[in-house]
1. Mind pulling the angle between the C-alpha long axis of helix B:111-123 and the longest principal axis of chain B? Nearest 10 degrees, somewhere in 0 to 90.
2. What does the C-alpha gyration tensor say about the overall shape of chain A? Classify as rounded when a/c is under 1.5, otherwise prolate if a/b is larger than b/c, or oblate.
3. Pairs of Cα atoms under 8 Å, at least six residues apart: use those to get the relative contact order of chain B, whole percent.
4. By count of other Cβ within 10 Å, fewest leading, how are B:143, B:197, A:224 ordered?
5. Of A:126, B:137, how do they rank once you tally other Cβ atoms within 10 Å and put the fewest first?
6. Which order do A:146, B:148, B:54 fall in if you start with the one that has the fewest other Cβ atoms within 10 Å?
7. Using bins 20 angstrom wide from zero, how does P(r) for chain B break down, in % of all Cα pairs?
8. Going by Cα centres, the range B:250-313 and the range A:51-100 are how many Å apart?
């Protein structure tokens, strides 16, 4: 059999060429295996155990942690919160980023200054941003003077009825976090959109103008189709980034009031450090990972279809 | 070909070596003692003391700061999992976690060291400071009896009040009862000042306040019976406790924002005179002094609501250090901690950081506010010395439920029902897993 294979040109022993090639990718493979593949399987392994994070004993409990999380209302509430923040970012954040990119793509005065300013929020520390916004949104007052900047402004223009404790009011807390998250993140989208806009061939615009297209038609028939690949990349990055947002939540509300601003990552964190359920936290992590993989796969499919169109 | 093979393999081997060396322990000076701690306000003083210790003994002590405390706790847990704990560290978590660290062999039993020379070292501490680190005979955690940590200081959690605000209202003495407090708080609110502030986004702090009143309303035995599952959270006494938070919120004694306020922000509010009362620990003396040296304030236990049971505040548990059972520097670490808790060093720490010393002979010239905090020790208790401990998930639901009551989202009865549901589920689960 072996001889037959050799006759047919097959050789199951790796050739020196293959070994040489393999040796080149070996460093990357080792790093990938140690830092990605092993943790992935270990997380899955721990998800099936009742482990407090300290003990040597890690009793195997099968899918019990997964069964528990199915009934964990707070967990699913936190997943919904992440979707809410993501929807907010997908619409308002990206719309703002796109509009600003369009504006900066034109010949306007001080456009380099705007480009710089719009990119400041993304490079700031998320914790610092959280604390600064916490100060802006603070409730409370002394002798009629509001501590929070937003409430102070609202009162000074006569909108006292809108004054509230933005972060402690369950009706506003999550939206406020979504707004701050969008403010913090729109700069990335702006830069990517701007880069995309700048590579569109200007002859296309000229041709559209010659054909009598107005600004609106040019936008829909030239800019948007040409920007589609960039838009899709920005959408994917926005979804993955927003679903995993948690630093702002930690610095602004710590998931409160009650569970109103809990997001999946904070639930995973609290399960590990507050309630010492490492096994359960790993189960949450695996589930959340699967949700993100499913989302990415769906987006990839949409991207393929759109590209075909 | 061979040359190519080597050209490819060499970087691979090199990368693997880097990885392996990266995963191994750092090449630290084995003779130096490494201490991991979380105390930002004390770090410089620790470093100064380490220098002094080096001059006296020639032994290097490396204090490494990891803050804030919740991040520190995560680091300790991760280090325990990786078996890379330092020579000396602290465990900030609840007693059950402390017990797990001990049972898994991460912490050295210091009983012999404390008891040698006719208990000389042991006797130098305040009894309550040491009590939190003691595991008695046949404790329910199954830990071998002994003393497992060395206390550095003691803390009490009390209420502070702004003297100027009270004087402006013509009030000379702080309220003694809960009714008096409510009446005064309403007057304070009418003046446009927040009556009471605290960092109740930090769940342990709201739990501390709640447990103070739980002990006062129903006594320690009933609270412990609840933790053991013998009394439900739907009991009228617990409803009464939840009702206190509703009352505080409804009467505007606390701001709605208290539930998302971290204690640092709450300390700032009090130091800047934005709030008349604050619920805080004795470490606040140092913080208030740094934020506003001119503030004049007094210290009092939260006003009692019932006369049936004594009002106990949390106290005794300050910062403590433990010794890694696996360290080759055990003797050096013990010697250093003995030196650190001697009268002179404790006085130095107390003076510089305005914290109550754990050494009973080191009561130096304390600020008057700190002295008032120290009086709270007379009627203090602490979860670490309670005979029972609540399940951590139940505790989370309990404290988050209190937040829901404060923001007016839920009624006390509703929260009580929800907490009891979790309690029963956790008890059933514990039973099944046994």
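Throughout, read-outs are computed from the coordinates displayed, never taken from laboratory work. Because the structure is predicted, anything quoted here is derived from the model rather than measured. Please note: Cβ atoms are built from the backbone with ideal geometry, for glycine as well, and neighbour counts cover all protein chains shown.
1. Value to nearest ten degrees: 50.
2. oblate
3. Rounded, it is 22 percent for chain B.
4. Final ranking by Cβ density, sparse to dense: A:224, B:143, B:197.
5. The most exposed by this proxy come first: B:137, A:126.
6. B:54, A:146, B:148
7. Result, from short to long distances: 23, 52, 21, 4, 0 percent.
8. Rounded to whole Å, the Cα centres lie 35 Å apart.
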